[in-house]
Amino acid sequence: IGIYGSNTLLIQEFENLSKIRKIKNKPFSVINFKKTKDIQPTQILFVENSYNDEIKNIFENTTKNTLIVTDQCPDKSYIMINLLPLNEGTKRFELNTSNANEAGITLLKELLKYGGTEVELRGLYSATEKALKKEKEKS
């Protein structure tokens, strides 16, 4: 997991988790990047909200198969998973599955119920309606 930012508390927490937890039964390590030019390929790249103004550059220069997780990023064009403020509304995150798919990452459709944008949810409902219609035609 790569972290682009300077929040030492956050970095330390991720490092502590890497010592006691696993992801899909595999150990993980944490790499801290302090400048965009230092960012190396990782499976997950977390971008602190104080660096949201650099998201376009990060997004365009990140390798395929890297899930970018942003924190309260206002520019939805460059997000994959974007964490939302805890004190606003019921959603805790939002997704841009198109960006994830273009990076070679498939996000579970179930996540759309919890963090999908209105456009993505409309697409999910449309696909579900089509499948339901086909099933009814078979009967």
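The values are calculated or read from the model by the stated rules, or taken from the named source; none is laboratory data. As the structure is a computational prediction, the values presented were derived from the model and not from experiment. Note: ideal-geometry Cβ built from the backbone for every residue, glycine included; neighbour counts use all protein chains shown. For the accessible areas, the whole protein counts, side chains as well, though only heavy atoms, and no ligand, DNA or RNA atoms are used. Shrake-Rupley method; radii C 1.70, N 1.55, O 1.52, S 1.80 Å.
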- Gln40 fails exactly one of the following numbered conditions: (1) open to solvent by 40 Å² or more (accessible area, probe 1.4 Å); (2) touching a residue at least 40 places away in the same chain (Cβ under 8 Å). What is the number of that condition? (2)
- Task: Kindly list, by first and then second residue, each pair from a residue in segment 49-74 that is without any contact (Cβ under 8 Å) to a residue 40 or more places away in the chain to a residue that is among the aromatic types (Phe, Trp, Tyr) and open to solvent by less than 50 Å² (accessible area, probe 1.4 Å), limited to pairs with Cβ atoms under 6 Å and residues at least 6 apart or on different chains.
- Result: Ile55/Tyr78; Lys56/Tyr78; Val69/Phe46
- Message: Among the residues of segment 70-82, are any at pLDDT 85 or above, of a type in the set (Lys, Arg) and closer than 20 Å to Ser50 by Cα?
- Response: yes
- Return yes when Phe59 is open to solvent by less than 40 Å² (accessible area, probe 1.4 Å) and either more than 11 Å from the chain's Cα centre (by Cα) or among the acidic types (Asp, Glu) (or both) and no when it is not. no
- segment 94-138, residues that are assigned to a helix (DSSP H, G or I), modelled with pLDDT under 75 and within 24 Å of Glu60 (Cβ to Cβ): Gly115, Val119, Glu120
- Kindly check whether there is at least one residue in segment 28-49 that is under 19 Å from Leu83 (Cα atoms), acidic (Asp, Glu) and touching a strand residue (DSSP E or B) at 6+ places or on another chain (Cβ under 8 Å). yes
